[in-house]
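Asks: Dropping the structure in here first, questions after.
The values are calculated or read from the model by the stated rules, or taken from the named source; none is laboratory data. Remember, it's a predicted structure, so these values are computed and weren't measured experimentally. Counting neighbours? That spans all protein chains shown, and the Cβs are built from the backbone with ideal geometry, glycine included. With ligands, DNA and RNA removed, areas are computed over all heavy atoms of the protein, side chains included. Shrake-Rupley method; radii C 1.70, N 1.55, O 1.52, S 1.80 Å.
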Amino acid sequence: MGTTRTQVGIIGAGPAGLLLAQILDKAGISTVILERRDRSYVEGRIRAGVLEQGTVDLMRAAGVGERLDREGLIHKGIYFSVDDVRTQIDLEELTGGRHVVVYGQTEVTKDLIAARLAAGGDLRFDCVDVTLHDVESDKPRLTYVSGDSEHEVVCDFIAGCDGFHGPSRQALPASLLKVYERVYPFGWLGILAQAPPVADELIYSRHPRGFALYSMRSMKVVRHYIQCLPDTDLEDWPDDRVWDELRLRLAPQDQHLLQTGKVFEKSVTPMRSFVAEPMRFGRLFLAGDAGHIVPPTGAKGLNLAASDVHYLSRALMAFYAENSEAGLDTYSETALARIWKAQRFSWWMTSMLHNFGPADDFDTRVRGAELAYVLSSRAAMTSLAENYVGLPF
Ligand code: RFL
Ligand code: PHB
């Protein structure tokens, strides 16, 4: 068995694992990343698109902000389309100059992988059966299989950045782990297509036919979503039907703005809110989707992965530089305080904008009233804007 020694063993080469390795490397802390999939799969996985200022700042500080600064689209506002009226929420004006940046998660991942490899970082793809050992000791280990041989990584700490389905969270004893969960009775059918954006900013539409979101990746590629049943079969949704539905969920005066084009990706995402507590067990620390999932309506998942990495990297740097365990001891509590605020916002946006069906008449009315209130009150709109651009780390 081949054994490698490192300071921080990281499971998962998603945004959380890659960003953590990149920041620690800058501080002279060694890492090994073990990723189950191959590089092209990881780079091709279509997901998030909206980055908060704090995430952008973290990318820049990690030395991976150059292409993001060049190609990212600055969005100073968002639109809400409700009852045939489109209203702009001026994020910049309401938050004293803050905005978000539209830049695909695929690009974030590609930039981070390129930076890791350029720095000679130890990033291993195609690792099968990654298993955690001795996480309560001060020499935890990871084992995995690659090709025909078994390998071992001995480290000081393990960062579980392996997403919702990875093994890290399962390594917490059932008696310690507390899970909070809400599963929504709908999903999002998303497409990527070669077409110009519907408007200059994203449109979040509440419509009797169901929620729709009109997003983009560039001035030539759009990312649109429609609310659908969680078990939707894509066979039932040929491209024309998706475009027709997207058009119908826009306000009548906006429908001519939707331009169709070649669809090159189509998928259904179920929606859930999920938090696992605590995010630490012994020398294992969870970060990103390994510890929590938000419904995408608030655009918070990737940004929460970034804030976890911010807290965890600071704690690890303090440990190695000053022999201080204070940051490690408070990591779970500090990260969870921000996570729950983002959970609340994501749940609230999801509840307010989706159609929960006819059984929910009273709630539907209340949600409609809430949205009408938000769009008519500067105080309420400011609160929405403050959460959307991202609460401070
Ligand atoms: P990831 O990206 O899931 O990466 C985890 C990595 O771990 C690997 N892995 C393993 N490796 C080794 N051994 C194992 N046994 C392993 N099991 C898993 C996986 O292969 C993978 O490479 O988690 P991470 O890094 O925490 O990043 C989280 C984000 O990916 C996620 O929160 C966002 O994509 C959520 N999200 C959005 N977030 C935003 O901030 N803004 C958005 O606009 C936004 N839109 C979205 C989204 C997620 C979506 N879907 C598909 C869930 C839109 C959608 C449709
Ligand atoms: C996206 O462009 O993929 C996107 C944008 C905003 C969201 C969710 C997803 O709230």
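Asks: With every protein chain present, what accessible area does Thr364 have (1.4 Å probe, heavy atoms only), rounded to the nearest 10 Å²?
Replies: Ignoring ligands and nucleic acids, Thr364 comes out at about 50 Å².
Asks: Can you list which of the DSSP-assigned H helices in the chain have a Cα extent of 15 Å or more along the long axis and an average Kyte-Doolittle score of at least 0.5?
Replies: Helix filter hits for the chain: 15-26.
Asks: OK, next. Could you calculate the contour length gain from Leu248 to Gln194, that is, 0.36 nm times the residue separation minus the distance between their Cα atoms, to one decimal place in nm?
Replies: In short, 17.5 nm is gained.
Asks: Once the Cα gyration tensor of region 1-58 is diagonalised, what are the square roots of 5 times its eigenvalues, in whole Å and ordered largest first, as equivalent ellipsoid semi-axes?
Replies: 23, 18, 6
Asks: What length, rounded to one decimal in nm, is gained on full extension from Lys341 through to Tyr41, with 0.36 nm per residue of separation minus their alpha-carbon distance?
Replies: 104.8 nm
Asks: What does the helix-only formula give at 222 nm for the chain: each DSSP H stretch with n ≥ 4 adding -39500 (n - 2.57), the total divided by the residues, and the result rounded to the nearest 500 deg cm²/dmol?
Replies: Counting only the DSSP helices, I get -11000 deg cm²/dmol.
Asks: May I pose another question? For Tyr373, Tyr214, Tyr320, write out the residues from largest to smallest accessible area, computed with a 1.4 angstrom probe and no ligands counted.
Replies: Tyr373, Tyr320, Tyr214
Asks: Using a basic spin-label model with each label point 7 Å from the Cα along Cα→Cβ, how many nm lie between Ser137 and Ser377?
Replies: 5.7
Asks: How high is the FRET efficiency from Ala27 to Gln259, r the C-beta distance, R0 30 Å, rounded to 0.05?
Replies: Efficiency, rounded to the nearest 0.05: 0.05.
Asks: Which FRET efficiency, nearest 0.05, do Arg5 and Leu117 yield, Cβ-Cβ r, R0 35 Å?
Replies: The computed FRET efficiency comes out at 0.95.
Asks: Run the quick spin-label model on Phe164 and Glu66: label points 7 Å from Cα toward the beta carbon, then report their separation in nm to one decimal.
Replies: 3.6
Asks: Something else: Once you have the Cα-Cα distance between Leu176 and Asp57, take 0.36 nm times their residue separation minus that, and quote the gain in nm to one decimal.
Replies: 39.4 nm
Asks: For Trp237, tell me the accessible area in Å² from a 1.4 Å probe, rounded to the nearest 10.
Replies: Looks like 30 Å² after rounding.
Asks: Next question, about the same structure. Points 7 angstrom from Cα along the Cβ direction at Arg272 and Ala359: gap in nanometres?
Replies: 1.9
Asks: Right, another one. Using the Cα centre as the reference, give the magnitude of the dipole from point charges on the C-beta atoms of the chain (Lys, Arg: +1; Asp, Glu: -1; all else neutral), rounded to the nearest 20 debye.
Replies: About 460 debye.
Asks: To the nearest 10 square angstrom, how much accessible area does Asp84 have with a 1.4 angstrom probe?
Replies: Probe radius 1.4 Å; accessible area of Asp84 about 80 Å².
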